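This report refers to the structure that appears directly beneath it.
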Amino acid sequence: MAENSKKGFYITTPIYYVNDVPHIGHAYTTIIADTISRFKKLLGEEVFFLTGTDEHGQKVEKAAAEKGLEPIELADQVVGRFKSLWQDLNIGYDFFIRTTQPLHEKGVQKIFQKLMDKGDIYKGIYKGWYCVSDENFLPEDVPLEEDGYKICPDCGKKAGVVSEECYFFKLSAYQSRLLRFYEENPDFVRPPSRMNEVVSFVRQGLKDLSITRTTVKWGIPVPDDSDHTIYVWFDALHNYLTGVGYDWNQARFQKFWPADIHLIGKDILRFHAIFWPVFLMAAEFPLPRTVFGHGWWLRDETKMSKSKGNVLDPYLILNTFGADPLRYFLLREIPIGLDGNFSHEGFIHRVNSDLANDLGNLIQRTLTMIQNYCKGKFEEIGEEEEEDENLRLEYEKLKKRIIDYYEEYSINRALEEIWIYINSINRYLAVNEPWKIAKDKTKRKRLTRILFQAASAIRVISYFLYPVMPESAQKAWNFLGEERPIQKQLYQELKFEGLRPGQKIKTPSPLFPRVSLKDFLKEETLQKASSQKEEKMEYVTFDEFKKMDLRVGEIVEAEKVEGTEKLIKLKVDIGTEKRTMVAGIGDVYSPQELMGKKLPVIANLKPAVIRGVESQGMILAAEVEGKATISFFDKDVPTGARVR
Ligand SMILES: [Zn+2]
């Protein structure tokens with residue numbers, strides 16, 4: 001490869017396998033990546049953040065067949081779910097790679113061919129114990145059980161013997177080169193404890209790797225030998241090259257490769273820390289800087305898994321709290337290398353204490369005082385006194401520490417530092433008691449200085465919270481009268497006293513509502529029940545269908561439901577009366593464009609209270625990747641007409 005002209009920062013998540021639905025584990029990895037990506041962008045670095053889906057292999061073939069679908073149809077469905085979860089979690093990836101995309105398939109074939117030509121891939125016969133569930137041959141040193149079978153060490157299921165002609169990759173030839181690489185790059189695997197695991201595994205000796213199958217059809221064919229399909233791991237790992245432009249966007253590829261950090265769950269460490277660098281060495285690509293194996297979120301101290309049925313659905317929390325509290329909790333609770341235990345008690349406690357009390361109250365209280373005492377802006381600011389100076393000086397020292405922690409991916413430590421500072425601001429207000437000073441007209445300048453100081457401090461912490469809680473941080477930033485998006489403010493140009501005198505603040509709305517554990521658990525039970533129902537296809541009889549009162553409704557009023565992004569409150573004329581209905585379409589349609597539209601509605605749906613508004617009926621809309629598209633009539637029809 002030509003001399004490395006890399007300029008940008010490149011971060012990846014694993015590509016997620018589409019035989020599964022997105023759960024909290026996927027969300028965790030992707031939130032970490034999004035946070036690091038946003039942080040790097042604040043420093044003015046050019047960043048490429050890649051995520052995507054792994055769509056080939058036997059498990060997808062099987063799962064699709066069980067549902068009566070083609071593999072690609074199943075993949076399309078699951079991709080839709082991932083994309084809408086990423087949108088709901090505010091994940092700003094730069095590219096979403098699917099291994100079924102031609103740009104990926106061609107790239108993988110090209111590299112396969114290159115390794116064939118070099119002699120690093122050769123044809124042979126493989127006989128070994130194979131785990132269907134993991135699509136992986138078992139390591140040779142797994143012992144035989146008494147019944148003559150081997151048990152997969154990863155999933156505990158029975159393995160079977162598979163013997164077939166296949167292509168091998170000469171992994172064994174790279175053992176000493178790989179060990180030398182680890183020695184020269186001790187940060188290649190993080191945290192360090194995982195590096196030790198990897199090194200001792202490689203020292204035991206590497207055997208050549210079978211990288212094709214003849215029994216699996218759903219995959220990328222071997223060039224010029226289409227009876228063989230490229231093994232799913234070989235296929236998948238190369239997404240990190242094809243996703244950033246290898247063989248189709250050379251300029252981008254040159255700018256970003258090699259990856260700065262591959263974020264992965266620790267369960268797939270061996271593939272990323274051993275096979276991946278060797279594939280790259282063989283194909284003569286520069287090697288990635290770091291493979292970071294993060295821990296798992298446990299539930300009741302055990303790993304979440306589909307088979308145990310204890311997987312946490314991110315929507316249980318998203319629907320009640322939105323993205324930021326979940327992002328905050330996952331990043332604050334544990335360092336990213338360790339395991340954490342997810343409990344609702346722990347989550348609610350964090351939200352109420354850190355977010356609603358410490359941060360939310362501080363912002364609300366400070367801005368309300370500026371509104372009430374200063375007409376919403378600072379005209380005259382008094383001299384800075386010693387205690388004011390402390391707040392500024394503390395910040396000057398703090399910002400370096402926060403940046404360092406973010407740089408070394410210690411996001412929990414960065415957040416701890418931010419919270420120490422939030423407590424200092426709260427203490428500063430408690431000591432200076434602006435609410436008392438406000439009663440004394442001669443102390444106006446002093447009052448303005450105190451509030452200015454607190455507002456300045458809130459402004460800078462909003463900035464540093466942005467990578468973790470982009471939506472709330474942006475709101476707080478805007479409350480202070482800052483017009484532009486936070487990501488346009490470079491760190492290097494961020495000043496403590498960045499508020500301009502005369503800058504008008506906005507009336508704040510609460511950022512983090514308090515929720516009691518009892519209410520949350522009640523909500524969770526309801527949501528679980530309704531999502532279980534969704535899974536099953538149920539038939540209705542014609543008599544049941546006849547009970548539905550479907551009519552042509554005309555939208556006569558439309559407005560956003562306060563404090564939500566998506567909900568619109570509609571007044572719908574159904575011929576006999578006007579009904580209030582709440583619809584989750586505000587991210588696609590503005591209230592204005594809905595006015596006067598006629599569309600099918602269910603008039604006799606049992607009313608439900610949504611965000612404090614009673615919805616008396618429902619409009620019909622298609623849902624694609626979490627976004628609604630309303631069906632309208634193609635001819636004018638009278639309002640109230642029956643729909644059959
Ligand atoms: Zn297994």
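The values are calculated or read from the model by the stated rules, or taken from the named source; none is laboratory data. Nothing here was measured: the structure is a model prediction, and the numbers come from that model. Neighbour counts run over all protein chains shown; Cβ positions are idealised from the backbone, glycine included. Side chains are part of the model used for accessible areas, which takes the heavy atoms of the whole protein and leaves out ligands, DNA and RNA. Shrake-Rupley method; radii C 1.70, N 1.55, O 1.52, S 1.80 Å.
Considering the dipole of the chain built from charges on the beta carbon (Lys and Arg +1, Asp and Glu -1) around the Cα centre, which of 422, 173, 480 is farthest to its positive end? Among 422, 173, 480, the one farthest towards the positive end of the dipole of the chain is 480. Each of 19, 65, 43 was scored by the projection of its Cα onto the charge dipole of the range 6-66, and the greatest displacement toward the positive side belongs to 43; charges sit on the C-beta of Lys, Arg, Asp and Glu.
So what is the calculated 222 nm ellipticity per residue for the chain, using -39500 (n - 2.57) for each DSSP H run with n of 4 or more, over all residues, to the nearest 500 deg cm²/dmol?
When only DSSP H runs of four or more count, the value is -12000 deg cm²/dmol.
Roughly how many percent of the accessible protein surface of the range 544-644 is carbon and sulfur, given a 1.4 Å probe and a whole-percent answer? List each step's numbers first, then the result.
Numbers: 2990 of 5880 Å².
In the range 544-644, the share of accessible area belonging to carbon and sulfur is 51 percent.
Of the GluC sites (Glu not before Pro) found in the range 331-439, the ones in coil according to DSSP and having at most 15 other Cβ atoms within 10 Å of their Cβ are 379, 380, 383, 384, 385, 408.
Among the trypsin sites (Lys or Arg not before Pro) in the range 424-522, those located in a DSSP loop and surrounded by at most 10 other Cβ atoms within 10 Å of their own Cβ are 439, 495. The local environment of residue 419, defined by Cβ-Cβ distances under 12 Å, has a net charge of -1 under the rule Lys, Arg +1 and Asp, Glu -1. Modelled spin labels at residue 566 and residue 187, positioned 7 Å past Cα toward Cβ, are 4.0 nm from each other. Applying the criteria of a DSSP loop state and at most 16 other Cβ atoms within 10 Å to the chymotrypsin sites (Phe, Trp or Tyr not before Pro) of the range 557-644 yields 632, 633.
Quick check of the Kirkwood formula: for the range 323-399, what is the inverse mean of 1/r over all pairs of different Cα atoms, in Å? Spell out each step's value before the answer.
Values: mean 1/r = 0.0635 Å⁻¹.
Its Kirkwood hydrodynamic radius stands at 15.7 Å.
Send over a whole-number figure in Å² for the accessible area per residue of the chain, probe 1.4 Å.
Per-residue accessible area for the chain comes out at 47 Å².
With K and R counted +1 and D and E -1, the other residues having a Cβ less than 12 Å from that of residue 51 yield a net charge of -1.
Think of each Lys and Arg Cβ as +1 and each Asp and Glu Cβ as -1; about the Cα centre, that makes the dipole of the range 391-474 roughly 860 debye. The residue among 268, 241, 182 whose Cα reaches farthest toward the positive pole of the charge dipole of the range 162-275, with charges on the beta-carbon of Lys, Arg, Asp and Glu, is 182.
Fully extending the segment from residue 118 to residue 287, taken as 0.36 nm per residue of separation minus the present Cα-Cα distance, adds 59.0 nm. One equal scatterer on each Cα of the range 105-213, no solvent, Debye formula: the resulting log10 I(q)/I(0) at q = 0.11, 0.12, 0.20, 0.21 Å⁻¹ is -0.47, -0.56, -1.19, -1.21. Dipole magnitude for the range 319-366: about 160 debye, using +1 per Lys or Arg Cβ and -1 per Asp or Glu Cβ, origin at the Cα centre.
The distance linking the range 118-172 with the range 420-477 is 62 Å (Cα centroid to Cα centroid, whole angstrom). Let me make sure I get this right: for the range 166-310, a, b and c are the square roots of the gyration tensor eigenvalues over alpha carbons, sorted descending. Under 1.5 in a/c it's rounded, otherwise prolate if a/b > b/c, else oblate. Which is it? Rounded is the answer for the range 166-310, as its axis ratio a/c remains below 1.5. Over the range 1-160, the fraction of Cα-Cα pairs per 5 Å bin, rounded to whole percents and listed from the shortest bin up, is 1, 7, 12, 13, 15, 16, 14, 11, 6, 3, 1, 0, 0. Globularity index of the chain is 1.11 (Cα radius of gyration / 2.2 N^0.38 Å, N = number of residues).
Placing dummy labels 7 Å off each Cα toward the beta-carbon, the span from residue 65 to residue 576 is 5.3 nm. Note on the range 284-369: with charges restricted to the Cβ of Lys and Arg (+1) and Asp and Glu (-1), its dipole about the Cα centre is near 100 debye. For residue 438, the shell of other residues with beta-carbons less than 11 Å away shows a net charge of +4, using +1 for Lys and Arg and -1 for Asp and Glu. Here the range 21-36 is scanned for amide nitrogen atoms under 18 Å from the site 7 Å beyond the Cα of residue 318 along Cα-to-Cβ, giving 21-35. According to the square roots a ≥ b ≥ c of the eigenvalues of the Cα gyration tensor, what is the shape class of the range 70-156, taking rounded for a/c under 1.5, prolate for a/b larger than b/c otherwise, and oblate for the remainder? Oblate.
Which shape class, rounded, prolate or oblate, goes with the range 296-355 when its Cα gyration tensor gives a ≥ b ≥ c as root eigenvalues, a/c under 1.5 marks rounded, and past that a/b bigger than b/c marks prolate?
Oblate, because a/c is 1.5 or more while a/b does not exceed b/c.
Packing here is the average count of other Cβ atoms within 10 Å per residue, and on that basis the peptides 203-209, 33-39, highest first, run 33-39, 203-209.
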